[in-house]
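The values are calculated or read from the model by the stated rules, or taken from the named source; none is laboratory data. All values reported here derive from a predicted model rather than from experimental measurement. Reconstructed Cβ throughout: ideal geometry from the backbone, glycine too, with neighbour counts over all protein chains shown. In case anyone asks, the SASA skips ligands and DNA or RNA and just uses the protein heavy atoms, side chains included. Shrake-Rupley method; radii C 1.70, N 1.55, O 1.52, S 1.80 Å.
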Amino acid sequence: QMMKFAWDNYKQYALGKNELRPLTKNGHIGNMFGGLRGATVVDALDTLYIMELEEEFQEAKKWVEKSLDLNVNGEASLFEVNIRYIGGLLAAYYLTGEEVFKSKALELGEKLLPAFNTPTGIPRGSLLSPCSGMSWSWGWASAGSSILAEFGTLHLEFLHLSELSGNPVFAEKASTSQLVLNRVEKPQGLYPNFLSPVTGSWVQHHVSIGGLGDSFYEYLIKSWLMSDKKDSEAKKMYDDALQAIEKHLVKKSAGGLTYIAEWRGGILDHKMGHLACFSGGMIALGAEHAGEERKQHYMDLAAEITNTCHESYARSDTKLGPEAFRFDAGTEAMATRLSERYYILRPEVVESYMYMWRLTHEPKYRQWGWEVVKALEKHCRVEAGFSGIRDVYTTTPSHDNMQQSFFLAETLKYLYLLFCEDDVLSLEDWVFNTEAHPLPVNHTNFQA
């Protein structure tokens, strides 16, 4: 019902724009996707299909067929276009077998290739579409560097592009990043967030499992799972990275909460971003495949981190979690800065609940998920859709007037899967990309 409400309002007021602005009842285009449009349509396709919202799925499919124009100009984020558009189109294709999704995904994939024209093969973060061959690093990224989470979050989609097209170039491009990262010297075994695409060396030593780093780690374990456990290099990189994270970043607060701090040149910053809350689910997923003696250890760690993320929700007045929360000066699992008190309909916490439920079947994860459903309905539902809120610590929240496309792709999908039978998109057969788009586990042994 929430998905239908979010979709119907998007369709009514913003169809073809990237997101719905639910308060003003109009569309928002933004500048993340270059000239591409319809981010919410593409992000919502697989969720509509899985939820058996047949009529709504057909509306979305029709828009993709008739109106998704890929010959556009503008500065686009390689990362965002890949995870939302390519991921969304690939998932829709694998779920339905409809050729239109496959051909659009492959056409768009071709347009992303110029970003990889760098001395190291590590792509730059942003490119000018279509096919101008121009790409550059984000102005805000330190010294022209590429960002770990961005170039490290291409592998799943690009392997499928190669498999579907028969063209190895996509898989080769994505594998280059893995090779460069494998070779480069890592401080304390950790992966900093900024790497130069020119020299292939780190630009500054900031390490985070939240924004700028997050999905790189997720794609290591998922690349291994998607390869039907054949990509042993990705698995080793994941195991080593997790060991270093546990050694240097995992801390316990005075109140007994386990969290993952950020690392700045050896100095710890005792904060955790909402984005880092996916890691409970990731560690649980990896624990399934750790050696017997480590399996329980990692399941416990996953449960502790997920519990801490739940506490960041439970300790707020709205029962929704802030963008970042801290563990310093007597504060635990709460935002201390005004600029970190907002909630923009993010999925990471419910994502971890879904994995923890599937892997342990402990009823509390469904209970926690239901708390989120009630809080979303109470504080984020407005007359014409769902909106993020500016302060989770007040029960009369001010809305930000944005229904993010990932709310339909991820937040509502993970909540739905939390209450489904385990065989709906079973974890044995599907791997979710970082935008929650399901891609099939490759039982046919395609290798780059």
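Computed values, structure above
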item	result
J(HN,Hα) series, region 351-365, from Karplus relation 6.51 cos²θ - 1.76 cosθ + 1.60, nearest Hz, glycine and proline x	4, 5, 4, 4, 5, 5, 5, 5, 8, 10, 6, 7, x, 4, 5
Coil-residue GluC sites (Glu not before Pro) of region 339-448, DSSP, other Cβ within 10 Å capped at 11	GLU383, GLU421, GLU428
Net charge, VAL100 excluded, C-beta distance under 15 Å - Lys, Arg +1, Asp, Glu -1	-2
Residue of GLU288, GLU218, GLU311 that the Gaussian network model of the chain assigns the largest fluctuation, springs spanning Cα pairs under 10 Å	GLU288
Gap separating the Cα centres of region 264-328 and region 399-448, nearest whole Å	20 Å
The chain: calculated mean residue ellipticity at 222 nm from DSSP helix runs of at least 4, using -39500 (n - 2.57)	-13000 deg cm²/dmol
Apportionment of accessible area to carbon and sulfur, the chain, percent (1.4 Å)	49 percent
Anisotropy class of the chain from Cα gyration tensor, a/c 1.5 cut	rounded
For GLY27, distant residues with modelled amide H under 5 Å away	ARG21
Heavy-atom surface of the chain, accessible at 1.4 Å and reported per residue (Å²)	36 Å²
Fluctuation leader among PRO114, PRO438, PRO347 - the chain, Gaussian network, Cα springs under 10 angstrom	PRO114
Size of electric dipole in region 1-440: Cβ of Lys, Arg +1 and of Asp, Glu -1, about Cα centre, debye, nearest 20	1020 debye
Pairs from LYS251/LYS378; LYS17/LYS251; LYS111/LYS222; LYS25/LYS62; LYS222/LYS271; LYS104/LYS271 whose Cα-Cα separation, in the structure shown, is over 32 Å	LYS251/LYS378; LYS17/LYS251; LYS104/LYS271
Under 5 Å, built H, 5+ apart or other chain: amide partners of GLN204	PHE194
Computed over the chain: relative contact order in percent, which uses C-alpha pairs under 8 Å that are six or more apart	16 percent
